[in-house]
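The values are calculated or read from the model by the stated rules, or taken from the named source; none is laboratory data. From a predicted model like this one, the values you see are computed outputs, not experimental measurements. Don't worry about glycine lacking a Cβ; one is built from the backbone with ideal geometry, like all the others, and counts go over all protein chains shown.
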Amino acid sequence: MKTRAAVFWGPDRPFTVEELDVAPPRPHEVVVRMVAVGICGTDLHSVKGEFQRPTPSVLGHEGAGVVEEVGSAVSGLAPGDEVVLSWAPSCGECRDCLRGRPAACTRLHAAIGAGTLVDGTTGLSLRGETVYRGTATGCLAERMVVASKVALPVRGVPLREAALLGCAALTGVGSVLFAAGVTPCSSVLVVGAGGVGQFVVQGARIAGATAIVAVDPVEARRAQALALGATHAVAPGELETALASVAPEGADYGFDAVGYPETTETTLTFTRSGGTVVMVGLPPAGSRLDLDPALFLRREKWLTGTMYGSEDPAVALPILLEHVREGRLELGRLVGPEFSLDDVNEAVETSLGGSPGRVLVTF
């Protein structure tokens, strides 16, 4: 089988659209025709050279599409089914998978670093040479072959919106509902109102937080955060004043949806004694935090991280879909500019420029 795909050659080099050879589906695999793929911050880390992964590769891990073919051992999926892709299939054997946390799977993270699927293969080649997969997925392609457990059924949601469920929504909403367990009537600080941060804001609203303060340097993103449920949205220099009026001792919960050391430090600074801080955004490779131990000793703060919302995607996705159906979780408002596969470089540049909505490549 062949497919057209956006091939990433390395930082400071343009993507090119190539026709790749794709290995046929094995018994446990399915062929998915992609409909929409979101440009995620993880992809941008590679583009900016902040992650060192094998190239050439096909990036993209936040996508939705339609099943076209199923392997002989696949059950529960059939041609024509609409699906969201999960980039965290479980190996089913390591300790993290056995505790229901496939996004922390040791084999998965080894595969992400190696640019392969969990089984160590890529199934992609160009003129006889291996092409790697970004985040163990690689869905910036017209068609792709994935393990059946990667393709999660979705119904009643337009696929261009459903694509956001594949990463940003599961990560952002999950960080609130599953990682932090935000309680009603609490105060929440969200540092970064990009794609994931906007879902953190929605998660806080769904959890019943009464004060939700979003901080972002981009005005359009601040406006978006207010429309999605933030009670306050401010520029970084305005944060201290804003919190003084709603949470003078600091927020009960803080979420760093950016991932840089300085944004984590900001989130910790403005979270109250005994409060919980969750690192949501991925930091560049090699980043280090320099923290005052007194934050944890004298002020008893809690600092943790979340990977993919701290829940099995197969468990979390139905919960999020119920919130969508009940009108509690918005997707359409978060969809930003759309580009064709041939315009993938423009899509990436738009995302790097701070688009308030999720940039999509649509097919």
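At pLDDT 95 or above and of a type in the set (Val, Ile, Thr): does that describe Val131?
So Val131 fits the description; yes.
Taking Ser125 as meeting all but one of (1) over 21 Å from the mean Cα position of the chain (by Cα); (2) closer than 28 Å to Arg160 by Cβ; (3) modelled with pLDDT of 95 or more, write down the number of the exception.
(2)
State yes or no: is Val278 outside the structural domain of Glu19 (by TED's automatic domain parsing), in contact (Cβ under 8 Å) with a residue 60 or more places away in the chain and β-branched (Val, Ile, Thr)?
The answer is yes for Val278.
Scan the range 18-57 residue by residue and report those that are closer than 14 Å to Leu341 by Cβ, part of a strand (DSSP E or B) and out of contact with any Lys or Arg (no Cβ under 6 Å at 6 or more places or on another chain).
Hits for the range 18-57 are Glu18, Leu20, Met34, Val35, Val37.
In the range 108-187, which strands (runs of 3 or more DSSP E) lie fully inside it and hold 2 or more residues that are within 22 Å of Cys97 (Cβ to Cβ)?
On the way: elements: 124-126, 143-147, 151-153.
Once the strands (runs of 3 or more DSSP E) in the range 108-187 are filtered for at least 2 residues that are within 22 Å of Cys97 (Cβ to Cβ), what remains is 143-147, 151-153.
Looking at the range 22-30, is at least one residue touching a residue at least 12 places away in the same chain (Cβ under 8 Å), basic (Lys, Arg) and either out of contact with any strand residue (DSSP E or B) (no Cβ under 7 Å at 6 or more places or on another chain) or surrounded by 15 or more Cβ atoms within 10 Å (Cβ to Cβ) (or both)?
yes
Search the range 1-17 for residues being assigned to a loop (DSSP other than H, G, I, E, B), surrounded by 13 or more Cβ atoms within 10 Å (Cβ to Cβ) and touching a residue at least 60 places away in the same chain (Cβ under 8 Å), and hand back the single one that is nearest to the chain's Cα centre (by Cα).
Restricting to residues being assigned to a loop (DSSP other than H, G, I, E, B), surrounded by 13 or more Cβ atoms within 10 Å (Cβ to Cβ) and touching a residue at least 60 places away in the same chain (Cβ under 8 Å), the top hit is Phe15.
Could you tell me which numbered condition Ala251 fails, if it satisfies all but one of (1) in contact (Cβ under 8 Å) with a residue 60 or more places away in the chain; (2) closer than 25 Å to Lys48 by Cβ?
(2)
Which number in (1) out of contact with any Ser or Thr (no Cβ under 9 Å at 6 or more places or on another chain); (2) without any contact (Cβ under 8 Å) to a residue 40 or more places away in the chain marks the one condition that Glu311 misses?
(2)
I need a count of the residues in the range 62-106 that are in contact with a helix residue (DSSP H, G or I) (Cβ under 6 Å, 6 or more places away or on another chain), hydrophobic (A, V, I, L, M, F, W, C) and either exposed (fewer than 15 other Cβ atoms within 10 Å of the Cβ) or in a strand (DSSP E or B) (or both).
3
Scan the range 248-266 for residues that are surrounded by fewer than 23 Cβ atoms within 10 Å (Cβ to Cβ) and either of a type in the set (Gly, Ala, Ser) or more than 12 Å from Val190 (Cα to Cα) (or both) and report the count.
So the answer is 8.
Looking only at residues that are within 15 Å of His61 (Cα to Cα) and not small (Gly, Ala, Ser) in the range 107-125, which one is surrounded by the fewest Cβ atoms within 10 Å (Cβ to Cβ)? It would help to see each step written out before you state the result.
Step one: filter the range 107-125 for residues within 15 Å of His61 (Cα to Cα), giving 108-109, 111-113, 115-118, 122.
Narrowing the set further to residues that are not small (Gly, Ala, Ser) leaves 108-109, 112, 116-118, 122.
Values: Leu108: 24, His109: 16, Ile112: 23, Thr116: 20, Leu117: 24, Val118: 22, Thr122: 22.
Restricting to residues being within 15 Å of His61 (Cα to Cα) and not small (Gly, Ala, Ser), the top hit is His109.
Say we look at the range 341-363 and pick out the residues that are of a type in the set (Val, Ile, Thr) and outside any strand (DSSP E or B); which of these is surrounded by the fewest Cβ atoms within 10 Å (Cβ to Cβ)? First the steps, then the outcome.
Here is the first cut: in the range 341-363, the residues of a type in the set (Val, Ile, Thr) are 344, 348, 350, 359, 361-362.
From what's left, outside any strand (DSSP E or B): 344, 348, 350.
Working: Val344: 24, Val348: 23, Thr350: 17.
Step by step, filter the range 341-363, then rank; the result is Thr350.
Quick check, is Thr276 under 21 Å from Gln224 (Cα atoms), hydroxyl-bearing (Ser, Thr, Tyr) and modelled with pLDDT of 95 or more?
no
What pairs come up if the first residue lies in the range 190-211 and is among the charged types (D, E, K, R), the second is outside any loop (DSSP other than H, G, I, E, B), and their beta carbons are under 8 Å apart, counting only those six or more places apart or on different chains?
So the pair list comes out as Arg205/Ile212; Arg205/Leu228.
So, in the range 179-230, of the ones that are surrounded by fewer than 24 Cβ atoms within 10 Å (Cβ to Cβ) and among the β-branched types (Val, Ile, Thr), which residue ends up nearest to Ile319 (Cα to Cα)?
Ile206
Answer yes or no as to whether Ala162 is surrounded by 24 or more Cβ atoms within 10 Å (Cβ to Cβ), in contact with a Phe, Trp or Tyr (Cβ under 6 Å, 6 or more places away or on another chain) and within 19 Å of His61 (Cα to Cα).
Working: surrounded by 24 or more Cβ atoms within 10 Å (Cβ to Cβ): yes; in contact with a Phe, Trp or Tyr (Cβ under 6 Å, 6 or more places away or on another chain): no; within 19 Å of His61 (Cα to Cα): yes.
Answer is no for this residue.
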